[in-house]
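Some notes on the structure that comes next.
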Amino acid sequence: MGVCEPAQAGGRAALRMVERLRAQGIRDERVLDAMLRVPRQHFIDAALAYNAYDDTPLPIGFQQTISQPYVVARMIELLRAGRELGRALEVGAGCGYQAAVLSHLATEVFGIERIRGLFEQAKENLRPFRYPNVRLKHGDGSQGLPQAAPFDTIIVAAGAREVPLALRDQLAPGGRMMIPVGAGGEQQLVMTERVGDVFRESRHEAVRFVPLLSGLE
């Protein structure tokens with residue numbers, strides 16, 4: 001679906017990142033291929049480009065960060081396990097990087113960002129790639145995107161105290177949501193899966209994300 005070739009996406013640094021992800025336990029080759037194809041350095045400040053493929057979060061302005069590659073890959077791998085992503089909602093589009101990765105794996109990607117400056121930044125970052133299946137919206141991600149629901153996949157790039165019902169209820173039957181949940185700086189990746197009218201939860205790695213806030217900026 002994307003237009004960027006691996007050689008354009010960071011060269012040897014991107015290849016080293018993918019090998020490191022394999023060593024860290026990421027096994028989904030389609031996720032690894034998507035990570036390889038997206039030029040991570042394009043989504044951060046030029047002054048940080050040398051660190052673009054390091055396994056660490058990096059600042060993107062507005063007191064927000066781009067998640068470390070392992071966390072991006074792990075969240076998507078868990079959501080994909082045994083299924084396709086289908087129609088995906090990304091809450092907290094940030095600089096647009098994760099939407100670009102998802103574009104190679106989902107049929108449609110709806111990215112929502114509450115901070116106007118970041119929303120504009122994500123649009124500008126994604127424009128050169130012309131991904132036909134990515135749509136961005138400036139909106140309150142804590143409320144999801146009901147006008148486009150239901151979603152087969154919801155991925156949340158901010159930590160909540162508990163699983164937001166507004167997002168959970170926008171899952172399609174068989175759909176999955178991944179969100180960091182916790183308080184006081186202690187968060188875990190929580191996956192919610194909708195089976196009919198029943199919602200099942202499973203907990204995974206400890207993580208640290210910026211808080212999921214409501215309202216617009």
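Annotation: amide H-H contacts under 5 Å for Ile154 (H modelled 1.01 Å from N, sequence separation of 5 or more, or interchain): Leu89, Arg176, Met177, Met178. Shape annotation for segment 111-174: C-alpha extents along the principal axes are 34, 24, 18 Å, from largest to smallest.
With the gyration tensor restricted to C-alpha atoms of segment 117-217, the semi-axes of the equivalent ellipsoid amount to 24, 18, 13 Å, longest first. In the chain, the DSSP beta bridges split such that about 50 percent are antiparallel, to the nearest 5.
Could you check how many percent of all C-alpha pairs in segment 68-181 are farther apart than 16 Å? Counting pairs separated by more than 16 Å, the tail of P(r) holds 54 percent.
Accessible surface of the chain, 1.4 Å probe: 51 percent of it comes from carbon and sulfur atoms.
With θ taken as phi - 60° and the Karplus curve 6.51 cos²θ - 1.76 cosθ + 1.60 applied, the whole-hertz 3J(HN,Hα) list for segment 71-81 is 5, 4, 5, 5, 4, 5, 4, 4, 5, 7, 3 Hz, x standing for glycine and proline. Note on His138: accessible area is roughly 40 Å² with a 1.4 Å probe, heavy atoms of protein only. Quotient of the Cα radius of gyration of segment 1-136 and 2.2 N^0.38 Å, N being its number of residues: 0.96.
Across segment 105-112, coupling constants 3J(HN,Hα) worked out from phi with the 6.51/-1.76/1.60 Karplus curve, θ = phi - 60°, read 10, 10, 6, 9, 10, 10, x, 10 Hz, and Gly and Pro carry x.
Could you list which residues have their amide H under 5 Å from that of Lys137, counting only those 5 or more apart in sequence or on another chain, with H placed in the peptide plane? So Lys137 has HN proximity to Gly111, Ile112, Glu113. Within the shell defined by Cβ-Cβ distances under 13 Å, the residues around Leu21 carry a net charge of 0, with Lys and Arg each +1 and Asp and Glu each -1. Scalar couplings 3J(HN,Hα) for segment 50-63, obtained by applying the Karplus form with A = 6.51, B = -1.76, C = 1.60 to θ = phi - 60°, are 4, 9, 4, 9, 5, 8, 8, x, 10, x, 10, x, 6, 6 Hz; x denotes Gly and Pro.
Annotation: per residue accessible area for the chain equals 46 Å², rounded to a whole number [probe 1.4 Å, protein chains only]. Count Lys and Arg as plus one, Asp and Glu as minus one, and take only other residues whose Cβ is under 11 Å from that of Leu48; the net charge is then -1. Amide H to amide H, with H built 1.01 Å from N, Ile66 comes under 5 Å of Leu58, Ile60, counting only residues 5 or more places away or on other chains.
The values are calculated or read from the model by the stated rules, or taken from the named source; none is laboratory data. Predicted, not measured: the structure shown is a model, and the values here were computed from it. Note that each Cβ is placed from the backbone with ideal geometry, even for glycine, and that neighbours are counted across all protein chains shown. The accessibility values were calculated without ligands, DNA or RNA, using every heavy atom of the protein model including side chains. Shrake-Rupley method; radii C 1.70, N 1.55, O 1.52, S 1.80 Å.
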